[in-house]
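Engineer: Let me begin by handing over the structure; questions about it come next.
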Amino acid sequence: MGSIRLGGAQIPVGTNIQVNKKEILKALDWAKENEVDHLLTPEAALSGWTKLWVNEIDELKESLKEIEAHQKKLGVGLHLGTNFQEDEDYGKINRNEIRHYSKEGYLINLTYKTSTIGAMENVLYRDSRWDPLSMCDLATSDCDDQFLAGGLICNDFWGTSSSEGVQDPITQYKNLGVCSMFLHATNGRTWPDSTQSLDWQIFDEWHHAHLRMASYSTQIPILTVDACTDWDWDGSEDQVNLCRTSSQTGIIIKGEWKTNVPRNGRQYFKYDINEWKRLENK
C-alpha cells in the first residue's frame, strides 16, 4: 500500500508577518531534511491570529509568494494555516483557512474555518449550506489507494460555534465515509507555566479527552498542531518557551497518542502512516 510520512510544526505565531514567514520557511527546511511528505502548521501561522493582518494584506500576499516558491522548490506538501483574502462571488472575503499544497507546489484545495469567533478574527465563517467540505489526497506515488484528508481549524474540532445554521464538520467528514485523516490546525489561548489557571486546566483536560474520543469514535487518525506562543507574540526569542500550548500537538490514532511532542516551544515531529484503512471497514 505504500507509506506516507506526515509532519507537524509547533511553531511560534505572532503579529509580525516577516517573523512568522521565517518560522514557516525553517519548518519546511526541516521537513525536507527529514523526508516528510506533508507538513501541517498551526492556525494562522503566516498572518497571525488576530485581525491586525487585514492592515498588512500586501505584505501578507508577498510573504505567501515566498513560501509557495520555497515549498515548490523543496517538494514538500504543505498545509498552511493563515488568514487570507479570497476573491469570491461577492467580492473579496476575509477567511481563516488552511491552504493545501501538493508536493509539486500546486494549491489543491482550501479549508475555510467554520466556527469563527466574530470580530476577534474579522473573517467570514464557512457556511455549511453553501461552502463544501474540503479534502485533499496525501497519497504518495508508491501508494495504490487514495489517502483523503479533511481539514479542521481550531473550534471546528472543539465543537464551539458562533454561527447559526453551521453543521459539525467532524460528523460531516465521518458520514462521507472516505476521509482517512483529519488535519487539525489550531492556535489557542496559552498560559505561562508559572500561572496555569483553573481555566487552563479545565480546557486542557477537555482538549485532551476530545482528541482521544474523536479519534476513537470516528476511527480516523488525527494530525493536530498548535502554536506555542500567545496571539500577541512580538517575535522575541525569549518568549518562545514561556507558555504551554493550549492543546497537545501530535498524531493520535484510535485514541492512542503515537507521538510525544513537548508542550513548550518550537517543536517539529514526524510519523509514518503505513496502514490507513478505517477499523470499521476491516
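Engineer: Taking amide hydrogens as modeled 1.01 Å from N in the peptide plane, which residues meet the under 5 Å criterion relative to residue 191, leaving out close sequence neighbours?
Structural biologist: 244
Engineer: Just the number, please: percent antiparallel of the DSSP beta bridges in the chain, rounded to the nearest 5.
Structural biologist: Percentage antiparallel, nearest 5: 70.
Engineer: Determine one quarter of the surface area of the Cα convex hull of the chain, which equals its mean projected area, and express it in nm² to one decimal.
Structural biologist: The directionally averaged projection comes out at 14.1 nm².
Engineer: Another question, then. Please give the charge dipole size of the chain, origin at the Cα centre, charges +1 on K and R Cβ atoms and -1 on D and E Cβ atoms. Round to the nearest 20 debye.
Structural biologist: 540
Engineer: If you filter the stretch 26-130 for chymotrypsin sites (Phe, Trp or Tyr not before Pro), then keep DSSP loop positions with at most 12 other Cβ within 10 Å, what is left?
Structural biologist: Those satisfying the criteria are 90, 106, 130.
Engineer: In a shell of Cβ-Cβ distance under 11 Å around residue 121, excluding residue 121 itself, what net charge do Lys and Arg (+1) and Asp and Glu (-1) give?
Structural biologist: Residues near residue 121 contribute +2 overall.
Engineer: Neighbouring Cβ atoms within 10 Å as the yardstick, rank 246, 3 fewest first.
Structural biologist: Arranged by neighbour count, lowest to highest, 246, 3 become 3, 246.
Engineer: Would you mind ranking 179, 228, 143, 243 so that the residue whose beta carbon has the fewest other beta carbons within 10 Å leads the list?
Structural biologist: Exposure proxy ranking, most exposed first: 143, 179, 243, 228.
Engineer: Here's a follow-up. Once fully extended, how much extra length lies between residue 29 and residue 236, figured as 0.36 nm per residue of separation less the alpha-carbon to alpha-carbon distance?
Structural biologist: 72.4 nm
Engineer: Order by neighbour count: 182, 147, fewest other Cβ atoms within 10 Å first, most last.
Structural biologist: Final ranking by Cβ density, sparse to dense: 147, 182.
Engineer: Give the relative contact order (percent, whole number) for the chain; include only Cα pairs under 8 Å separated by 6+ residues.
Structural biologist: The value is 22 percent.
Engineer: If you keep only loop residues by DSSP, which chymotrypsin sites (Phe, Trp or Tyr not before Pro) in the stretch 207-244 have at most 12 other Cβ atoms within 10 Å of their Cβ?
Structural biologist: Those that pass, being in a loop and sparsely packed, number zero.
Engineer: Another question about this same structure. Measure up 73/270; 72/113; 32/72; 32/258; 51/72 against 18 Å on the Cα-Cα distance and list the ones that go over.
Structural biologist: With Cα atoms farther than 18 Å apart: 73/270; 72/113; 32/258; 51/72.
Engineer: How much length, in nm to one decimal, is gained on full extension between residue 176 and residue 208, taken as 0.36 nm per residue of separation minus their Cα-Cα distance?
Structural biologist: Here the segment from residue 176 to residue 208 would lengthen by 9.0 nm.
Engineer: So if a site counts as exposed when it's one of the GluC sites (Glu not before Pro), its DSSP state isn't H, G, I, E or B, and it has at most 12 other Cβ atoms within 10 Å, what's the longest stretch of the chain without one?
Structural biologist: Maximal segment without exposed cleavage sites: 165-274.
Engineer: For an R0 of 41 angstrom, estimate the FRET efficiency from the Cβ-Cβ distance between residue 73 and residue 145 and round to the nearest 0.05.
Structural biologist: Rounded to the nearest 0.05, the efficiency is 0.90.
Engineer: Rounded, prolate or oblate: which fits the stretch 199-238 when a ≥ b ≥ c are the square roots of the eigenvalues of the alpha-carbon gyration tensor, with rounded for a/c under 1.5 and prolate only if a/b beats b/c?
Structural biologist: Oblate shape, in that a/c is at least 1.5 and b/c is the bigger or equal ratio.
Engineer: Taking the Cβ of residue 75 as the centre, find all other residues whose Cβ is under 14 Å away and add up their charges (Lys, Arg: +1; Asp, Glu: -1).
Structural biologist: Taking every other residue near residue 75 into account, the sum is -1.
Every read-out reported here was derived from the displayed coordinates using simple, explicitly stated rules and does not represent laboratory data. On a predicted model such as this, the values are computed, not experimentally measured, just so you know. Backbone-built Cβ (ideal geometry, glycine too); neighbour counts: all protein chains shown.
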